[in-house]
1. If you go through segment 427-446 one residue at a time, do you hit one that is assigned to a loop (DSSP other than H, G, I, E, B) and surrounded by 23 or more Cβ atoms within 10 Å (Cβ to Cβ)?
2. Mind listing just one residue for me: the one in segment 348-367 that is modelled with pLDDT of 95 or more, touching a Lys or Arg at 6+ places or on another chain (Cβ under 8 Å) and part of a strand (DSSP E or B) and, of those, nearest to ILE443 (Cα to Cα)?
3. Would segment 257-273 turn up any residue that is in a strand (DSSP E or B), modelled with pLDDT of 90 or more and in contact with an Asp or Glu (Cβ under 7 Å, 6 or more places away or on another chain)?
4. For segment 369-385, which positions are in a loop (DSSP other than H, G, I, E, B) and either buried (at least 21 other Cβ atoms within 10 Å of the Cβ) or in contact with a Lys or Arg (Cβ under 7 Å, 6 or more places away or on another chain) (or both)?
5. From (1) surrounded by fewer than 20 Cβ atoms within 10 Å (Cβ to Cβ); (2) part of a loop (DSSP other than H, G, I, E, B), pick out the condition that doesn't hold for GLU487.
6. Find the residue count for segment 157-175, including only residues that are assigned to a strand (DSSP E or B) and of a type in the set (Val, Ile, Thr).
7. What residue, among those in segment 189-240 that are within 28 Å of SER308 (Cα to Cα), in contact with a strand residue (DSSP E or B) (Cβ under 8 Å, 6 or more places away or on another chain) and polar (S, T, N, Q), is surrounded by the fewest Cβ atoms within 10 Å (Cβ to Cβ)?
8. Scanning segment 184-238 for residues that are of a type in the set (Phe, Trp, Tyr) and closer than 19 Å to VAL251 by Cα, which turns out nearest to the chain's Cα centre (by Cα)?
Amino acid sequence: MKLKEKLWISCTMAMFSYLLLGQTSYAEYGTTTATRIQREEHSESISVHTENSTTQTTESSTHIGVGVPSINISIPNIVIDKETLSKIDVQRRNALASYKATYSKTEDGHFQEHGYLARIKKGKKWGIVGTDGQLTMDPTYKILIPKENGVLYVGNKKKELSYVDGNNNPVTYEKKSEDALIPFKEKGLYGFKDSKGHIVIKPVYKRIVTEFSEGIAFVITAGGHQIAINTEGTEIFNAPYEVVMPFQYGVAEYRRSVNTFKGSTFLSSIISNIIYDTETDRFNSYTPVYNGIKRGYLNHEGEIVIDSKNDVVYPMTPYGTIVQNNGLTSFITADGQVLIPPGHYTVGSIHITDGYLVLRDDFSKKYGVFELIYGKQVVPFLYDDIQLLGQNRFIAKHNYATYLVDSTNGRLIATLPVNQKAVPFDDGEYTWIFMGSSNFAIIDSEGHIVFRDSDITDAGPFKHGYSPVKKNKKWGVIDTKGTWIIEPQYDDVEIL
């Protein structure tokens with residue numbers, strides 16, 4: 001997997017660059033008002049080559065740069081402690097609390113707890129390597145999809161997939177349903193059963209539009225009306241929209257078609273299967289939105305909290321969403337409150353886990369950072385470019401210099417070479433910095449170099465302390481100290 005692809009995936013997972021594809025990019029009369037989120041630096045094409053000489057060193061407490069210039073930044077350090085977070089959760093139950101629960105569930109029961117480190121590829125087939133660096137499953141399958149709790153969905157044809165563990169032993173697997181209500185069909189009509197197979201809602205619906213989420217499902221009645229129901233089958237509200245999505249963060253997305261091409265109406269067909277067999281990233285499960293479709297959001301009572309009549313409405317996050325209208329950009333919470341007031345901004349990027357949003361001031365053409373708990377600006381409009389990395393860090397360019405910066409207060413941590421880039425942090429305090437397709441080094445969140453290897457030509461984020469790394473045209477796995485856990489020998493590696 002090339003560096004460009006890994007950076008794209010990583011930024012997509014953590015930095016919300018998927019909004020470029022996910023946002024509704026046409027205004028009411030076909031005028032494009034959307035702003036590009038991922039700039040050239042983040043999607044630069046990188047040529048990969050391997051040099052003949054090898055230089056490998058391990059360093060402790062070596063700093064990237066010295067002589068950090070003084071930049072006048074007068075912004076208070078905002079620290080959100082656990083007590084404050086708990087209060088925020090009460091105030092914004094459907095947003096931040098839901099996000100924290102989702103995030104913690106995803107982190108529980110990861111594959112390394114079951115002894116499986118990575119899925120590896122040789123030729124066209126995938127296998128599994130254990131945490132000891134040894135194969136637990138030979139490269140056997142063309143399709144190998146990680147599920148959860150050590151379960152894999154495998155096979156060589158899409159219609160012949162089965163569930164196994166990392167040792168290739170058959171296992172049973174049941175898809176978890178948030179509200180434990182499972183759709184079923186009887187005599188041409190749909191209803192819902194519980195996990196034990198007992199009928200909870202009789203089969204009276206012509207179609208199920210969405211599964212239950214946050215206690216609400218959308219269905220089509222026998223008479224052809226689209227409605228929202230609760231877990232007892234009681235109608236909550238009418239939902240006369242062309243497309244509705246499951247509730248998340250306290251709201252449900254609705255979509256409608258608009259006139260775009262010389263007055264004609266265009267609505268792309270969006271088909272979603274309510275029984276999913278493929279895992280998607282928890283912050284990247286958005287159905288693509290095409291030309292001529294606008295999005296808005298409904299609350300649990302069916303009230304519109306963010307109207308699709310706005311020029312641009314971005315996908316919802318745990319904190320809220322970006323709304324652009326009449327040339328102004330704002331950030332609105334899931335309950336319709338204005339977190340960041342409308343202003344003349346260009347959207348940069350957003351980091352979901354850290355809760356930061358990068359905006360560019362359209363007058364000064366400089367970038368700054370907002371935190372998304374209170375909507376406060378924590379870094380002023382100072383930099384020529386900002387790349388959020390996670391772990392409360394970002395890389396910034398200012399007057400032809402590049403810095404590693406603390407997102408919480410704007411503190412300059414280290415100077416970097418002008419063309420230095422970085423792989424975003426994942427779930428730990430280590431990541432890679434690099435220049436072009438060489439000079440790879442592991443750094444910690446304080447900018448100290450831990451390890452270098454000039455022959456490494458590609459690397460991915462550290463996940464649970466391990467990173468996929470390419471050397472001599474093959475992939476292996478390295479830990480945060482630079483120790484090879486799996487020597488480079490595979491055509492592709494993905495940390496589980």
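The values are calculated or read from the model by the stated rules, or taken from the named source; none is laboratory data. Quick caveat, the model's predicted, so the values are computed rather than measured. A quick note on method: Cβ atoms are made from the backbone with ideal geometry, for glycine too, and the neighbour counts reach across all protein chains shown.
1. Taking segment 427-446 first, the residues assigned to a loop (DSSP other than H, G, I, E, B) are 427-429, 436-437, 445-446.
Retained after the next criterion (residues that are surrounded by 23 or more Cβ atoms within 10 Å (Cβ to Cβ)): none.
So far as segment 427-446 goes, no, none of its residues is assigned to a loop (DSSP other than H, G, I, E, B) and surrounded by 23 or more Cβ atoms within 10 Å (Cβ to Cβ).
2. It comes out as TYR367.
3. The answer is no; no qualifying residue exists.
4. Passing the criteria: LEU372, ASP384.
5. With (1) surrounded by fewer than 20 Cβ atoms within 10 Å (Cβ to Cβ); (2) part of a loop (DSSP other than H, G, I, E, B) applied to GLU487, the lone miss is (2).
6. Of the residues in segment 157-175, the ones assigned to a strand (DSSP E or B) are 162-164, 170.
After this cut, where a residue has to be of a type in the set (Val, Ile, Thr) as well, the list is 164.
Residues meeting the conditions: 1.
7. Applying the filter and picking the extreme gives ASN238.
8. Of all residues in segment 184-238, those of a type in the set (Phe, Trp, Tyr) come to 184, 190, 192, 205, 212, 218, 237.
So of that shortlist, the ones also closer than 19 Å to VAL251 by Cα come out as 212, 218, 237.
Details: PHE212: 22, PHE218: 25, PHE237: 31 Å.
Per the stated criteria, the residue is PHE212.
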